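This report concerns only the one structure given below.
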Amino acid sequence: MNSHKTIVVLGAGESGVGAAILAKSKGFNVFVSDKGQITSNYSKILNEYEIPFEEGKHSEERIIEAIEVIKSPGIPDTAPLIKKLNSLNIPVISEIEFAGRYSDAKMICITGSNGKTTTTLLIYHMLKKAGINVGLAGNIGHSLARQVAENDYSHYVVELSSFQLDGMQQFKADIAILMNITPDHLDRYDYKMENYIDSKFRIIQNQTENDAFIFCHDDEIIKKELKQISIQVQKHPFSIYECLPKGASLKDDDLIIKNEDINLNMKQKDLSLKGKHNTYNSMAAGIAGSILGIRKEVIRESLSDFKGVEHRLEKLTNVRGVEFINDSKATNINSTWYALESMDDETVWIVGGVDKGNDYSELMDLVKDKVKAIVCLGVDNSKIHAAFDGVINSIVDADSMPDAVKKAFELADEEATVLLSPACASFDLFKNYEDRGNQFKDEVQKL
């Protein structure tokens, strides 16, 4: 291998394979290394592009020949191989950072502990409706790097996790959106909230006074952080509690979006997505549209006809008066808080899985107010029982999705809602949250 022009890609998932394709198209020697097994669709793509790869191991002697290493966001900075590369001063970057070097497209980037997927898809929907030549990338859709290599989009809407943000140095968002910050993934940040906050705020690094920062004015952590840092960027806050002179607000059930170029009003009841958290998502998307100069009619239409995200408060069907809602994507307490907050009827709540250090007391008021019965779906449900035994009369255990759906349906009177919103990761009984959500949908169909 000619080490003067060699780029090594660690991890052969969507982002790694995309980075490898872009690096090859720019004339680099590329080598892909994955410690696990590479899925057949990705190994097929690498073979088609004649990119050499290895699986089931990392050959350190080959990897340290690289002038730069692009790593999958799933590999922590504490991994021994990453530490070794750092000690040898070999730059380790993310696929997003690498892709950004080769694109002049406008980057609309979204992060936050919750709501980022919905907001990303809503903005993408709006830009497509406006006739903009736009790509969808990051944590969702196809890898940014591969799209930069193979397409010629003028705009990208990019969902960014904190892990992706950690690997970015020079990359710049033209429009940066920060939805909220709540404790999540703290195991990757030495269990220090400040490290996680710093990671999320990397979304605005490299921004200038010509760029835009859209953020939740109601989020205490974001507000506190903004008081402590000095930034040149144009700020566009959104709030459902305060009437703001710029950004987005609610007034008498109207959603109002204001900046130098636009003054848009629409009825909150006309938003396609219901619930407080979705009002925030709609506000962020509406502001982004207004900054991009999208016509008011298109913004209004997009916010009123968007279909929503699979596994996120997804309304399924009504069986003999019982409504079923799939919120399998809720893998933390905060997501479930928003789900319970948006419930109207008496709710039978299916909760449980692999706990990420949950404090269920944060949900106590909502549970008392909205929940009539709980179905615990997990291998170990002791923490849920400890929190809610004696608070809710009906708490039952289920060790499979068929069992959970059957028990929830029995507990639900007519007019009740069965909500799957686990507040936990899925790996005890399912492959991932999609598998959990799909099994829920299959069982509901059988009723």
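Rank VAL148, VAL391, VAL367 by mean-square fluctuation in a GNM of the chain with C-alpha springs under 10 angstrom and give only the top-ranked residue.
Answer for the Gaussian network model of the chain: VAL391.
Please report the antiparallel percentage of DSSP beta bridges with both residues in the chain, rounded to the nearest 5.
In the chain, DSSP labels about 25 percent of beta bridges as antiparallel.
Would you please give the residues with an amide H less than 5 Å from that of ILE51, counting only those at least 5 places away or on a separate chain, with H modeled from the backbone geometry?
For ILE51, whose amide H was placed from the backbone, there are no distant partners under 5 Å.
So who's got an amide H within less than 5 Å of the one on VAL418, skipping anything under 5 residues away but keeping other chains? H placed 1.01 Å off N, in plane.
Those qualifying (amide H under 5 Å, at least 5 residues apart or on another chain) are GLU323, PHE324, ILE325, VAL348.
Given a 1.4 Å probe and every protein chain left where it sits, what share in percent of the accessible area of the range 53-137 is carbon and sulfur?
49 percent
Rounded, prolate or oblate: which fits the chain, taking a ≥ b ≥ c as square roots of the Cα gyration tensor eigenvalues, rounded meaning a/c under 1.5, else prolate when a/b beats b/c?
Taking the square roots of the gyration eigenvalues as a ≥ b ≥ c, the chain is oblate.
Pull out the extension gain between ARG101 and ASP261, defined as 0.36 nm times the separation in residues minus the alpha carbon to alpha carbon distance; nm, one decimal.
54.5 nm
Heavy atoms only, probe 1.4 Å: what % of the accessible area of the range 380-447 goes to carbon and sulfur, would you let me know?
Taking all protein chains in place, the range 380-447 shows 46 percent carbon and sulfur surface.
Taking the solvent-accessible surface of protein heavy atoms with a 1.4 Å probe, what is the per residue accessible area of the range 102-238 in Å²?
Ligands and nucleic acids excluded, the result is 40 Å² per residue.
Take the alpha-carbon centre of the range 73-114, take the same for the range 247-270, and report the distance between them in whole Å.
After rounding, the separation between the Cα centres reads 37 Å.
Give a residue-ordered list of calculated ³J(HN,Hα) values for the range 243-260 (Karplus: 6.51 cos²θ - 1.76 cosθ + 1.60, θ = phi - 60°; whole Hz; x for Gly, Pro).
8, 9, x, 9, x, 9, 9, 10, 9, 6, 6, 9, 8, 10, 10, 9, 8, 4
Could you check the simple spin-label distance between LYS315 and THR208, using points 7 Å along Cα→Cβ, in nm with one decimal?
Label-label distance for LYS315 and THR208, simple model: 4.7 nm.
Once you have a ≥ b ≥ c as the square roots of the Cα gyration tensor eigenvalues for the range 134-184, tell me rounded if a/c is under 1.5, and otherwise prolate or oblate according to whether a/b is larger than b/c.
Because a/c hits 1.5 or more and a/b exceeds b/c, the range 134-184 counts as prolate.
Please report the orientation-averaged projected area of the range 308-354, defined via the convex hull of its C-alpha atoms, in nm².
Result: 3.6 nm².
Show me 74-81, 174-181, 132-139, 38-45 ranked by packing, highest mean number of other Cβ atoms within 10 Å first.
In decreasing order of mean packing, 74-81, 174-181, 132-139, 38-45 become 174-181, 132-139, 38-45, 74-81.
Could you rank the peptides 119-125, 290-296, 257-263, 326-332 by their average count of other C-beta atoms within 10 Å per residue, with the highest value first?
With the highest mean Cβ count within 10 Å placed first, the list reads 119-125, 326-332, 290-296, 257-263.
Give, in nm to one decimal, the length gained when the segment between ASP442 and HIS385 is fully stretched (0.36 nm per residue of separation minus the Cα-Cα distance).
So the chain would gain 17.8 nm between ASP442 and HIS385.
For the range 407-447 and the range 282-324, compute the distance between their C-alpha centroids and round to whole Å.
23 Å
Mind checking the dipole of the range 302-447: about its Cα centre, +1 per Lys or Arg Cβ, -1 per Asp or Glu Cβ, Debye to the nearest 20?
Magnitude of the dipole: close to 300 debye.
Using θ = phi - 60° and the Karplus curve 6.51 cos²θ - 1.76 cosθ + 1.60, what whole-Hz ³J(HN,Hα) does each residue of the range 380-388 get, with Gly and Pro shown as x?
Calculated HN-Hα couplings, in order: 10, 9, 4, 5, 5, 4, 4, 6, 10 Hz.
Counting pairs of alpha carbon atoms under 8 Å apart in space and at least six apart in sequence, what relative contact order in percent does the chain give?
Rounded, it is 11 percent for the chain.
The values are calculated or read from the model by the stated rules, or taken from the named source; none is laboratory data. Predicted model only: the values in this text are computed from it and were never measured. Neighbour counts are summed over all protein chains in view; Cβ atoms, including those assigned to glycine, are modelled from backbone coordinates with ideal geometry. Just so you know, the surface numbers come from the protein's heavy atoms only, side chains and all, with ligands and any DNA or RNA stripped out. Shrake-Rupley method; radii C 1.70, N 1.55, O 1.52, S 1.80 Å.
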